[in-house]
Amino acid sequence: MSRLVLEKIIQSLFAGREVQTDELVHVLSAGDPGVVSGLHTAADQKRLDMTGDAVLLRGIIEISNICIQNCQYCGLRKDNRRVHRYRMPAVEVLEAAKRIMHGGISTVVLQSGEDLATTDSISTLVRTIKSETGLTVTLSLGERDREDYRRFREAGAERYLLKHETASRPLFETMRPGSSYENRRQCLQWLKELGFETGAGNMIGLPGQCMTDLAMDLHYLNALQPDMIGIGPFIPHPETPLAQYPPGSSPLTLRVVALSRLLVPQANIPATTALGVLDKSGRINALHAGANVVMLDFTPVKYRRFYDIYPGKARALTEMDTYLPILREELAAIGRPVG
Ligand code: SAH
Ligand code: SF4
């Protein structure tokens, strides 16, 4: 595919015109560094036009690592008996939420495995956090019944992150045995209907995934137009069936981030932790390729190492309060002040 044709496709994407699957595949596989940097620049410009230069910070608290699912890629899968399981007491979650508030961050993300026993306590927790901190509450607790989502929303949660993981049905079914492709999409629809700001997204480099699968992910995001999009590389975990597979590629992940920005221009797109694990400058690179959000881990250190979704995640075993001023300076240095 000639450089000129690829540049035309990127221009079309920038202008909001529809593109075909094979055109997305060509951009995803382009070998010409000039084309790739053109893609990043287009996404960076779109990010500036739509969201400005400010980087939005979110504070995440990983409230439970108990999970009934058995996702092949994840260290928290139920068959991994080697991980110490925990469920944070509500008072400790509230304390962590207050640290997020005192850090000048306005949104807390409560994330966990599919720990269904928490359903009742979540609504109470959300109410307490809202009344005591005023933070915007994002939940990321996996697939639940519509009624559970409705109760979370009623309690005051405003946003919900549920990555679709992959738009390819066969890959989804291999990667998430026992979980249904339809149900995950149904959950995303319910969340939208219930008035949540909704986040979807996918992994890059899952074993067996091809460029057409990634083009399908992009089509799905384009059709769904989610409010948030999380894109991260697959990172093999030693205690999973995928331990021997290579990680996803950082450059390919950045291309998908950039294409997501062009296809869903108004979305909030984090420079994901997983990108930062693979590559020291991964997060900064993502901020130059369409991303506008950084998530900071406020899980107390004594729990953080057990939230072992993929290796390297819990590496920074310092409390976030000490890191925040450094991050603010780092972002200011690249002309991207904290919003
Ligand atoms: N249980 C919830 C939320 C916690 S998992 C859920 O599954 O939705 C959060 C995200 O971690 C998942 O959406 C998945 O995309 C990501 N993840 C899990 N294992 C991973 C791995 N090995 N490499 C990269 N990302 C992974
Ligand atoms: Fe559980 Fe989420 Fe990990 Fe799947 S990805 S095993 S649902 S924590």
field: Unique match (being over 18 Å from Lys302 (Cα atoms) and among the small types (Gly, Ala, Ser)) among Gly113, Gly103
entry: Gly103
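Per-residue answers, yes or no, for (1) out of contact with any Ser or Thr (no Cβ under 6 Å at 6 or more places or on another chain); (2) within 15 Å of ligand 1 (Cβ to nearest atom):
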position: Pro207; (1), (2): yes, yes
position: Asp213; (1), (2): no, yes
position: Met228; (1), (2): yes, yes
position: Pro238; (1), (2): yes, yes
position: Pro246; (1), (2): yes, yes
position: Leu254; (1), (2): yes, no
position: Asn268; (1), (2): yes, no
- request: Would you be able to say whether some residue in the range 186-208 is open to solvent by less than 40 Å² (accessible area, probe 1.4 Å), touching a strand residue (DSSP E or B) at 6+ places or on another chain (Cβ under 6 Å) and acidic (Asp, Glu)?
  value: no
query: Is at least one residue of the range 301-309 at pLDDT 95 or above, closer than 30 Å to Ala223 by Cβ and not polar (S, T, N, Q)?
result: yes
message: Among the numbered criteria (1) open to solvent by 60 Å² or more (accessible area, probe 1.4 Å); (2) under 25 Å from the mean Cα position of the chain (by Cα); (3) under 21 Å from Pro251 (Cα atoms), which one does Gln11 miss?
response: (2)
message: Could you check the range 272-313 and list, in sequence order, the residues that are open to solvent by 10 Å² or more (accessible area, probe 1.4 Å), more than 13 Å from ligand 1 (Cβ to nearest atom) and of a type in the set (D, E, K, R)?
response: Asp279, Lys280, Arg283, Lys302, Arg305
message: Looking at the range 138-185 only, could you name the residues that are open to solvent by less than 70 Å² (accessible area, probe 1.4 Å), within 11 Å of ligand 2 (Cβ to nearest atom) and among the small types (Gly, Ala, Ser)?
response: Ser140, Gly142, Ser179
- line: The condition of being part of a helix (DSSP H, G or I), among the aliphatic types (A, V, I, L, M) and touching a Lys or Arg at 6+ places or on another chain (Cβ under 9 Å) holds, among Val5, Val35, only for Val35
- prompt: When only residues in the range 53-80 that are within 11 Å of ligand 1 (Cβ to nearest atom) and among the aliphatic types (A, V, I, L, M) count, which is surrounded by the fewest Cβ atoms within 10 Å (Cβ to Cβ)?
  reply: Ile68
- line: All conditions in (1) open to solvent by 60 Å² or more (accessible area, probe 1.4 Å); (2) in contact (Cβ under 8 Å) with a residue 24 or more places away in the chain; (3) closer than 23 Å to Asn202 by Cα are true of Gln20 except (2)
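The values are calculated or read from the model by the stated rules, or taken from the named source; none is laboratory data. It should be emphasised that the depicted structure is a prediction, and the values quoted were computed from it without experimental measurement. Here Cβ is always computed from backbone atoms with ideal geometry, including for glycine, and neighbour counts include all displayed protein chains. Calculation scope for accessible area: heavy atoms of the full protein, side chains included, ligands and nucleic acids excluded. Shrake-Rupley method; radii C 1.70, N 1.55, O 1.52, S 1.80 Å.
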